[in-house]
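All remarks here apply to the structure that follows.
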Amino acid sequence: MAYLDESGYLTAPGHRLSVIAAVLTSIADHEVITEMIRAAQFQNRPWHFYDETPSRRIELAAVIAAMPLHGGFLLAATSTPTGQERARARILTQLRPTLQFHEQVEHVVMETRGGGDKHDRRTLDRLRRSRTVTSALRIDHRPKREPLLQLADFVASAYVSAQHHGESRPWDLVSEAHPIELLELPPR
């Protein structure tokens, strides 16, 4: 399975970096991973990178580093702030076939964006019509409280924080422990 979430950063006036992380897992490990996430929660509150203190981010990164993950992907694209949805579609267009055909992922879970989920479904429909992915690839949108989605949020945000906020330790811990393929899409 793959769990996807995004992060972003206004890099300069009129430019935004959109990042989507895909964390790859085995269903057989979900119980262990979920227990590790819950054990590290503070007051039963979901993990969210930017809500945590810098020392807590390092602590959570160490927990992720110890998890039985199968690696991940991090895709980034720059856009204008109003072109964020287009950048997300470009990233998903690149990522979904990679997940299905190279990683043999059959099920992708993404954080729900309410009404924005329709854009993700449209992108998936286009990929299916063009036979870039098959109908075997299942996509679900779930709320942020889904424990494994919290990992994808953390990975995406740790990368953005390392690249643009000078806080590299959480990203270093996670990326040293798990193979994460990084791909930056060319600007459009």
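The values are calculated or read from the model by the stated rules, or taken from the named source; none is laboratory data. Bear in mind the structure is a predicted one, so any value in this text is a computation, not a measurement. Ideal geometry is used to build each Cβ from the backbone, glycine not excepted, and the neighbour counts take in all protein chains shown. Note: areas computed on protein heavy atoms with side chains; ligands, DNA, RNA excluded. Shrake-Rupley method; radii C 1.70, N 1.55, O 1.52, S 1.80 Å.
Say R0 is 25 Å: what FRET efficiency, to the nearest 0.05, do Gln163 and Ala62 get from their beta-carbon distance? Approximately 0.75, to the nearest 0.05.
The heavy atoms of Met36 offer some 50 square angstrom of accessible surface to a 1.4 angstrom probe. Under the convention that each Lys and Arg Cβ holds +1 and each Asp and Glu Cβ holds -1, the size of the dipole of region 4-116 around its Cα centre is about 460 debye. Ligands, DNA and RNA are left out, and with a 1.4 angstrom probe the accessible area of the chain is 49 Å² per residue. Overall, the accessible surface of the chain at a probe of 1.4 angstrom is composed of carbon and sulfur to the extent of 51 percent. Sorting Tyr9, Tyr159 by solvent-accessible area of protein heavy atoms yields Tyr9, Tyr159, largest first, with a 1.4 Å probe. Normalised by residue number, the volume inside the convex hull of the Cα atoms of region 80-148 is 97 Å³ per residue. Quick one: Cα centre-to-centre distance for region 66-141 and region 7-48, in angstrom? Cα centroid to Cα centroid, the span is 15 Å.
Computed from Cα atoms alone, the Kirkwood hydrodynamic radius reported for region 15-69 is 12.7 Å. For the chain, DSSP calls about 60 percent of its internal beta bridges antiparallel.
The alpha carbons of region 124-181 occupy a box of 42, 25, 21 Å along the principal axes, longest dimension given first. Per residue, the average separation of C-alpha pairs within less than 8 Å and at least 6 apart gives region 1-101 a relative contact order of 36 percent.
Computing FRET efficiency as 1/(1 + (r/R0)^6) for Ser55 and Asp29, where r is the C-beta to C-beta distance and R0 is 45 Å, gives about 0.95.
Our estimate of slack between Arg86 and Arg145, defined as 0.36 nm per intervening residue step minus the Cα-Cα distance, is 18.6 nm. Each principal axis of the Cα cloud of the chain was evaluated for its coordinate range; sorted largest first, these ranges are 44, 43, 30 Å. How big is D for region 36-133, in µm² s⁻¹ as a whole number, if Stokes-Einstein is applied with the Kirkwood radius of its Cα pairs at 20 °C and 1.002 mPa s? The diffusion coefficient I find is 133 µm²/s.
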